[in-house]
Amino acid sequence: MTAGVTEGALGAKADAAHAAVRLDGVTIEFTLPEGRVFRAVASSDLVVGPREFAAIIGPTGCGKSTLLNAAAGLLRPASGRVTVLGAPLAGINRQAGYLFQQDALMPWKTALENVAIGLEVAGTARAEARKKARDWLARVGLAAFSERYPHMLSGGQRKRVALAQVLIRDPKIILMDEPFGPLDAQTRLIMGDLLLNLWSQDRKAVMFVTHDLEEAIALADRVVVMSAGPSARIIGDFAIPLERPRDISEIKLERAFQTLHRDIWHMLKKEVLKAYSDQQSEEAAQ
Amino acid sequence: MNRFGLIGLQVAVALVIIAFWQMASTTHVIGDPNTISFFFSTPIAVVTQIWRWFLDGSIWYHLWITLLEAMLAFVIGSAAAIVIGFWFARKAMLAAIFDPYVKAANALPRVVLAPIFTLWFGLGIWSKVALGVSLVFFIVFFNVYQGVREVNRTVLSNARMLGMNERQLLRHVYWPSALSWMFSSLHTSVGFAVVGAVVGEYLGAAAGLGYLIQQAEGVFDIGGVFAGMFVLAAFVLVIDWLVTLVERRLLVWRPEAGRQS
């Protein structure tokens, strides 16, 4: 079987009017302490469909997370437009849930309180919010841990709580910034399966940032490749036509997976090497 | 070593010191016992003095006055520090303008303010409360300020993404973060509240532990000074223990506090 690799996912572009997230010529710049302007992301276009799981991959430090933060409304692009469900984004993206790479739970709240808070601040009565939070903790397999504080949970358990915290609000868009990055390899597999299982139940739009190509192909409908920074841009767009439901640990053994992996890696490798040599010369200059 | 062994050794240290003190102040082994007992008193005299204070009950009034002053100093100082700490931390301009004045006020040895406070607030408890407030305020202020400024950025971004408005962020993120910083300095700030009260009393008062010590010192009653010091030490230990209880209750979510309990 030859994998149907298509560069530039045309299907998604045609659907632009109904896109969940649409970035048009988004450029993001930071002013460095010494006054110089650092351009992290240069004029990037990206359209993520309403039921699409899009992975964004690139070398470490290429600005993937920066692009995600622009979609979240946590960062304002220097130029370009961010459109969410057809409306221009101003301030925080209220339609989106965000799963962070680092621990983002409130350490002074129990697992249950952390999950319930998203509903409580939106005006849901406390008892009702807690009841739903209990259901969600059960769905991520933590029914017995609801009264624990985050420091009493393992890294994987904290990620499960964070996932429940995001999903309980029923956001139309889920943004994920290397969410399983800090976890060990086995826990990552289990979390990936859990994520796919929960996502397949109501297929929200997902922007999933990672630097792990296997993870990207195993999870996503589409893999977007970013170039090495600074001034990172989107250089590749691959459809992943692997069948669902998928078993993350099994799917890596399939031929189609390996073909996709080889093709995308061919593009990614150049960028990774470039990022690496830039880093080396920067260190040498210091 | 087990717990009882440790306590045994701790008690042994006290016994050795007291035995040495008793020997030095009553026998000729070290030097003239009359001279030594004049400067250092004797354990028997100190215990007798403490016993007399508790027997006639006069000590309770002084303890109560010191406790009241320390509590008022702690509550008023902390409340003011929390409000101003929050305000400064959220308004960078305000903090920048007042920065040199805050630093200058904090650098000032607070004891020199005692006469001014006595002049302003009289010889009653309020001049001591003012001295305690001037000590407590800065400790709590710097901690609350730091706590609000150094809120974990990821937790803050997450709270924003969860849909919190400014008021909700204040309640669910800034406030607990600031409180945890404040509680981490609880032992210090409560300690300083007591210091303020006692030093204030020592410099001029009509009641309190500091007053007792100062009175004894005035008539060269070294036994009375030592007795006052021991009562004060016990008083501070009890307060410190109460603070530890409160801290364990309020900071269960913290890794360190959780491991201790």
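The values are calculated or read from the model by the stated rules, or taken from the named source; none is laboratory data. Being a predicted model, the structure only gives us computed values, none of them experimental. Using ideal geometry, Cβ is built from the backbone for each residue, glycine included, and neighbour counts are taken over all protein chains shown.
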**Prompt:** Is it the case that the stretch A:71-87 has a residue that's more than 28 Å from A:Thr210 (Cβ to Cβ) and within 9 Å of chain B (Cβ to nearest Cβ)?
**Reply:** no
**Request:** Check B:Arg149 against each of (1) away from every other protein chain (no Cβ under 14 Å); (2) closer than 30 Å to A:Met176 by Cα; (3) surrounded by 20 or more Cβ atoms within 10 Å (Cβ to Cβ) and name the one condition it does not meet.
**Result:** (3)
**Asked** Quick one: which of A:Arg134, A:Arg148 is part of a loop (DSSP other than H, G, I, E, B) and in contact (Cβ under 8 Å) with a residue 12 or more places away in the chain?
**Response** A:Arg148
**Fill in**
B:Arg153: passes all of (1) closer than 30 Å to A:Gln165 by Cβ; (2) touching a helix residue (DSSP H, G or I) at 6+ places or on another chain (Cβ under 6 Å) but (2)
**Prompt:** Within the stretch B:189-207, which residues are modelled with pLDDT under 90 and either farther than 20 Å from B:Leu119 by Cα or within 14 Å of chain A (Cβ to nearest Cβ) (or both)?
**Reply:** none
**Message:** Please go through the stretch B:158-188 and give me each residue that is more than 9 Å from every other protein chain (Cβ to nearest Cβ) and of a type in the set (Val, Ile, Thr), ordered by number.
**Reply:** B:Thr188
**Prompt:** Out of all the residues in the stretch A:237-271, which are assigned to a helix (DSSP H, G or I), surrounded by 13 or more Cβ atoms within 10 Å (Cβ to Cβ) and charged (D, E, K, R)?
**Reply:** A:Asp263, A:Lys270, A:Glu271
**Prompt:** In the stretch A:34-70, which residue that is more than 14 Å from every other protein chain (Cβ to nearest Cβ), out of contact with any Gly (no Cβ under 6 Å at 6 or more places or on another chain) and among the β-branched types (Val, Ile, Thr) is farthest from B:Leu162 (Cα to Cα)?
**Reply:** A:Val37
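For (1) assigned by TED's automatic domain parsing to the domain that holds A:Gln157; (2) touching a Phe, Trp or Tyr at 6+ places or on another chain (Cβ under 7 Å); (3) among the hydrophobic types (A, V, I, L, M, F, W, C); (4) within 21 Å of A:Gly58 (Cα to Cα), each residue gets a yes or a no:
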| position | (1), (2), (3), (4) |
| --- | --- |
| A:Met191 | no, yes, yes, no |
| A:Asp202 | no, no, no, no |
| A:Ile217 | no, yes, yes, yes |
| A:Val224 | no, no, yes, yes |
| A:Glu254 | no, no, no, no |
| A:Met267 | no, no, yes, yes |
**Asked** In the stretch A:161-176, which residue that is crowded, with 23+ Cβ neighbours inside 10 Å and more than 10 Å from chain B (Cβ to nearest Cβ) is nearest to A:Ala111 (Cα to Cα)?
**Response** A:Val161
**Asked** Looking at (1) under 20 Å from the mean Cα position of the chain (by Cα); (2) more than 13 Å from every other protein chain (Cβ to nearest Cβ); (3) within 30 Å of A:Thr31 (Cα to Cα), can you tell me which one A:Val140 breaks?
**Response** (3)
**Asked** So which residues in the stretch B:49-66 are touching a helix residue (DSSP H, G or I) at 6+ places or on another chain (Cβ under 8 Å) and not aromatic (Phe, Trp, Tyr), if there are any at all?
**Response** B:Gln49, B:Ile50, B:Ile59, B:His62, B:Leu63, B:Ile65, B:Thr66
**Request:** Looking only at the stretch A:104-125, count how many residues are part of a loop (DSSP other than H, G, I, E, B) and either at the interface with chain B (Cβ under 7 Å from one of its Cβ atoms) or closer than 19 Å to A:Val224 by Cβ (or both).
**Result:** 6
**Message:** Out of the residues in the stretch A:88-103 meeting the condition of being more than 11 Å from A:Ala164 (Cβ to Cβ), assigned to a strand (DSSP E or B) and in contact (Cβ under 8 Å) with a residue 24 or more places away in the chain, tell me which one is farthest from the other protein chains (Cβ to nearest Cβ).
**Reply:** A:Ala96
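Residue-by-condition table, conditions (1) in a helix (DSSP H, G or I); (2) modelled with pLDDT under 95; (3) surrounded by fewer than 19 Cβ atoms within 10 Å (Cβ to Cβ):
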residue: A:Ala3; (1), (2), (3): no, yes, no
residue: A:Gly25; (1), (2), (3): no, yes, yes
residue: A:Phe38; (1), (2), (3): no, yes, yes
residue: A:Thr66; (1), (2), (3): yes, yes, no
residue: A:Pro77; (1), (2), (3): no, yes, no
**Message:** I'd like the full set of residues that are over 30 Å from B:Leu179 (Cα atoms) and in contact with a Phe, Trp or Tyr (Cβ under 6 Å, 6 or more places away or on another chain), limited to the stretch B:107-140.
**Reply:** none
**Message:** Suppose we filter the stretch A:166-202 for residues that are within 24 Å of A:Gly236 (Cβ to Cβ) and part of a loop (DSSP other than H, G, I, E, B); how many remain?
**Reply:** 4
